[in-house]
Structure formats: structure tokens, C-alpha cells
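The values are calculated or read from the model by the stated rules, or taken from the named source; none is laboratory data. Remember, predicted model here, so these are calculated numbers, not experimental data. Cβ coordinates were reconstructed from backbone atoms using ideal geometry, including for glycine residues, and neighbour counts include every protein chain displayed. What goes into the accessible areas is simple: the full protein's heavy atoms, side chains included, and nothing from ligands, DNA or RNA. Shrake-Rupley method; radii C 1.70, N 1.55, O 1.52, S 1.80 Å.
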Amino acid sequence: MANTSWFPQWRKREGNLDGAVIAPDERLPLGSTLIMGLQHTVAMFGATVLMPLLMGFDANMAILMSGIGTLLFFLVVGGRVPSYLGSSAAFVGLVIAVTGYSGHGANPNIGVALGGIIACGVIYTLIGFVVMAVGTRWIERLMPPVVTGAVVMAIGLNLAPIAINSVSASSFDSWMAVMTVLCIGSVAVFTRGLVQRLLLLLGLVAAYLIYMVITNGLGLGTPVDFSAVAQAPWFGVPTITTPVFSTHAMLMIAPVAVILVAENLGHIKAVAGMTGKNLDPYMGRAFVGDGLATLLSASAGGTGVTTYAENIGVMAVTKIYSTLIFVAAAIVAIALGFSPKFGALIHTIPGPVLGGASIVVFGLIAVAGARIWVQNQVDLGLNGNLIMVAVTLVLGAGNFTLSLGGFSMGGIGTATFGAILLNAFLSRSKQVKTQPEIKTGTEAALKDH
């Protein structure tokens, strides 16, 4: 008889698990669960901290609400969809535009942005209830695997300049980023077992230590300064900000819900492809959980949240999809959110080290998009698919922006809507494949890809 309970009965996996796939409804021993949860906290850490800093939000509040939001998502989906919810990049451009944020210090108009994010969360939640009522077929027709794969890959490519720009201030920073990539890559390739599965965490720690030896020890570059960490208290409540509901801000920020739907859909399809499990029955719940988490986060002063492709990248490498891992990650994040000392420690992580880790993680996001194509046997030999994917990737990677009146849509938005509209238009005609005999020039490149 099929299990109809809200939560699954997690089966414990023990013994030699080297290279084994751990399903969402399976669990590791407690110690391994906590350690893997810590790695997922590290994986979400860079973007979840960076996004609020870009918008002038409180980074500690963003970390705290990411943990609370992840637990809320876990409860809504019944522990059946492995995901971590962190600060969404889709809000950054619009929040800056709405608030007029200068880019330095705290955002004085954060309340207006929070009202808009709450409106987005409400719309996102309503979309989730519609999906729960009528299913996902209408979404799948709009966003089949060829579209979701392109959107997920475009998101990874859109984030790439953030990582590159963060390590391009000097030649020293660039080389430290390369060193970080090599540390993570070395753990991924030259280790085995649990150590290998902790590639991001251990690679980041190794790079941090090497950076300290080079700067604090040898006097090269900017040394790590721990004075702020020593002065900060261990425990404290982040600053709570009251939302301000401005019609203009809500109209501008609320449409981000469509982008979050595309992100979440792509992420869930990616996880389904990796696990071999059909997660479509939980798609509506996932939208509701993400929407409620976004609404709750903004109500307290946190950023809008989304299911994190960074953590999907970790799952792709570790092959551990147990949803209990994310409960552990959320608990760690909540504890860290209540610690000003941790907030101070955040600022000691050298930019080149964090940037080098971001290069790896954002690349894994892009690869997750390609994996969707592979798992769903998407035929990129069809001209319609080729054109749609080609345009989507350039729109996302180039951060193509469209403006209409006071509304502005950045690269993730234009890539998402562009992929949906182009696919709907080009798929109306019977598609043909690029001719196999064409082997030169741009058309050959199209054929090969």
C-alpha cells in the first residue's frame, strides 16, 4: 500500500556509502547528517549573504530567515523535496531601483522594498495553490525541459559576473581565487568517502588557511582582521524592520513571482532528474512553501528567498538528496543568525576566497541546467530548440535589461520570459533539424552543440 502520510518514513542508510545515492526519503546517521547539513549551509552562504549586502539588508537577518524559511518549506512539502531557501538574486535590481539604494551601508528605504517583496510572496503562494488545484500541466506546457534547462543554465551564467568581478580588483585577488578553485577541485578529485562529499566546506577552509598564511604570515595582500569578531557578542537578535506598503513598489516587485516559479520549477525538475523520482505531485506545495517563506522573511526584514541552485549543485556532486540534511542546514543557519559574532566573522572571509568558491558553485548551477536536458533527452538538433536556447543563454549571461515606464526587467527575467515566449512561438511550427552535412562556420557550431 502506498504511503499516504504527509511525511515519508525515512529509511536509515549505514555501512559503506562511498559513491552511493541517498534518496530524499532516506537518512544518514546523525553525525553525517549534521556534517552534510553544515556543507549545505556553506554552499548557500555566499549568495545568501551577498544578496542582502547588495541591497543594504541585514545579513544576519537574511541568514536567520533563510533557515526559518527552509524549515517552513520542509513542513509544507512534507519533507519530500530536498531544497534550501536562500536570498534570491531576482530581487536585487528591482529593490535597488525602488529604494534608490546607493550601495553603501544600510538601506534607508528598506521598508518599501519589504512591502513589495511581501506582495511578490502573496502572488507566488496563490500560483502554488492554483497548481495544487489543477496540476502542473499548464506550467509544463509553458516551460518544458528544454525551457527549464535553459533558464537554470542562464541563471548560473547570469551570476557568473558577480563571482568574477569580486576577484578582479587586483592580480593578487585573482590568483587567490584560482587557489580556492584548486583547493575545492583537489578535495573533489583526490579524496574519497565523506571527505570528498565535503568538498565545498573543506575546500573553503583550506583556501582560507592558505590565504591567512600568505597575508597574515608572509605579509602579502590584505591580511585577515579579527578585531571586529573579538568585540562582537555571541548572542543577539538581528534588527527587525517594519514593511511599508507602497503601490508603486508592489507593482514593480510583485512580478518577480513568475521568475521564482521558473527557478523553482527548474530546480525541482533538476532534482527529479538526479534522483529518478517524480516530484511533480509536490510542485504546488513547493511553490506555496517558497511563497510563504518569502512573505515571512520580508515581514521581519529579510530578503525574498528562493530554492537554491547552489545546493542542487552540492547534491549533484555528493549524490545525497536526503531532505533531513536541509533540516540540519536550517538549524545551523538559524543558530548563526542569532550570533553577531558570526555576523562579524562573515566579514573576515576574504573576498577572493568567497569569489573563488562562487565560481565553482555558480558553474555547478549552469551544469544543472544541462543535466535537465540530458535527463529528459532534449533534442538540441531541432532548430526551434537551438534558437530558443541560444537566445536565452545570451540574454541571461549578458544581463539583457528591458525597461517600460518605471518597470525594469534584468537578465534573469528577460531570459525566463524570453525562453517561455520563444518556445511557445517556435514550437507552433513543425521543427526540423539542422542539416548534418553543414560542418563549417556558425551553423557548424550550432550543429555541434
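Return the residues of region 269-282 that are touching a Leu at 6+ places or on another chain (Cβ under 7 Å) and open to solvent by less than 10 Å² (accessible area, probe 1.4 Å); say none if nothing qualifies. First the steps, then the outcome.
Here is the first cut: in region 269-282, the ones touching a Leu at 6+ places or on another chain (Cβ under 7 Å) are 271-272.
The one that is touching a Leu at 6+ places or on another chain (Cβ under 7 Å) and open to solvent by less than 10 Å² (accessible area, probe 1.4 Å): 271.
Could you please let me know if residue 213 is farther than 30 Å from residue 296 by Cα, part of a loop (DSSP other than H, G, I, E, B) and of a type outside the set (Gly, Ala, Ser)?
no
Considering only region 362-449, give the helices (runs of 4 or more DSSP H) lying wholly within it that have at least 2 residues that are within 26 Å of residue 271 (Cβ to Cβ) and modelled with pLDDT of 80 or more.
Passing ranges, in order: 383-397, 411-426.
If the requirement is being of a type outside the set (A, V, I, L, M), crowded, with 24+ Cβ neighbours inside 10 Å and closer than 18 Å to residue 116 by Cα, which of these qualifies: 266, 291?
Among 266, 291, only 291 is of a type outside the set (A, V, I, L, M), crowded, with 24+ Cβ neighbours inside 10 Å and closer than 18 Å to residue 116 by Cα.
Can you tell me which residue in region 161-180 is surrounded by the most Cβ atoms within 10 Å (Cβ to Cβ), limited to those that are in a helix (DSSP H, G or I) and modelled with pLDDT under 80?
This residue is 163.
In region 257-287, which residues are of a type in the set (Lys, Arg) and either over 16 Å from the mean Cα position of the chain (by Cα) or more than 17 Å from residue 154 (Cα to Cα) (or both)? Full working, then the answer.
Step one: of region 257-287, the residues of a type in the set (Lys, Arg) are 269, 277, 285.
Within region 257-287, 277, 285 qualify.
Going by the structure shown, is residue 334 outside any helix (DSSP H, G or I) and surrounded by fewer than 24 Cβ atoms within 10 Å (Cβ to Cβ)?
no
Being in a loop (DSSP other than H, G, I, E, B) and open to solvent by less than 20 Å² (accessible area, probe 1.4 Å) is true for just one of 219, 302. Which residue is that?
Matching residue, one of 219, 302: 302.
Of all residues in region 222-263, how many are closer than 18 Å to residue 118 by Cβ, touching a residue at least 40 places away in the same chain (Cβ under 8 Å) and either of a type in the set (A, V, I, L, M, F, W, C) or in a helix (DSSP H, G or I) (or both)?
Of the residues in region 222-263, 16 are closer than 18 Å to residue 118 by Cβ, touching a residue at least 40 places away in the same chain (Cβ under 8 Å) and either of a type in the set (A, V, I, L, M, F, W, C) or in a helix (DSSP H, G or I) (or both).
Output the qualifying pairs, or none if there are none: Cβ atoms under 9 angstrom, residues six or more apart or on different chains, first residue in region 18-32 and under 18 Å from residue 312 (Cβ atoms) and open to solvent by less than 40 Å² (accessible area, probe 1.4 Å), second residue modelled with pLDDT under 80 and among the β-branched types (Val, Ile, Thr).
Close Cβ pairs satisfying both conditions: 22/318; 23/275; 24/275.
Could you pull out every one of the helices (runs of 4 or more DSSP H) wholly within region 55-148 that has 2 or more residues that are touching a Lys or Arg at 6+ places or on another chain (Cβ under 6 Å) and open to solvent by less than 40 Å² (accessible area, probe 1.4 Å)?
none
Please go through region 183-210 and give me each residue that is at pLDDT 80 or above, within 21 Å of the chain's Cα centre (by Cα) and either among the polar types (S, T, N, Q) or part of a loop (DSSP other than H, G, I, E, B) (or both), ordered by number.
Once the filter is applied, which keeps residues that are at pLDDT 80 or above, within 21 Å of the chain's Cα centre (by Cα) and either among the polar types (S, T, N, Q) or part of a loop (DSSP other than H, G, I, E, B) (or both), region 183-210 yields nothing.
Return the residue satisfying two criteria in turn: it lies in region 315-336 and is touching a Phe, Trp or Tyr at 6+ places or on another chain (Cβ under 9 Å) and under 23 Å from residue 148 (Cα atoms), and of such residues it is modelled with the highest pLDDT.
Among them, the one singled out is 323.
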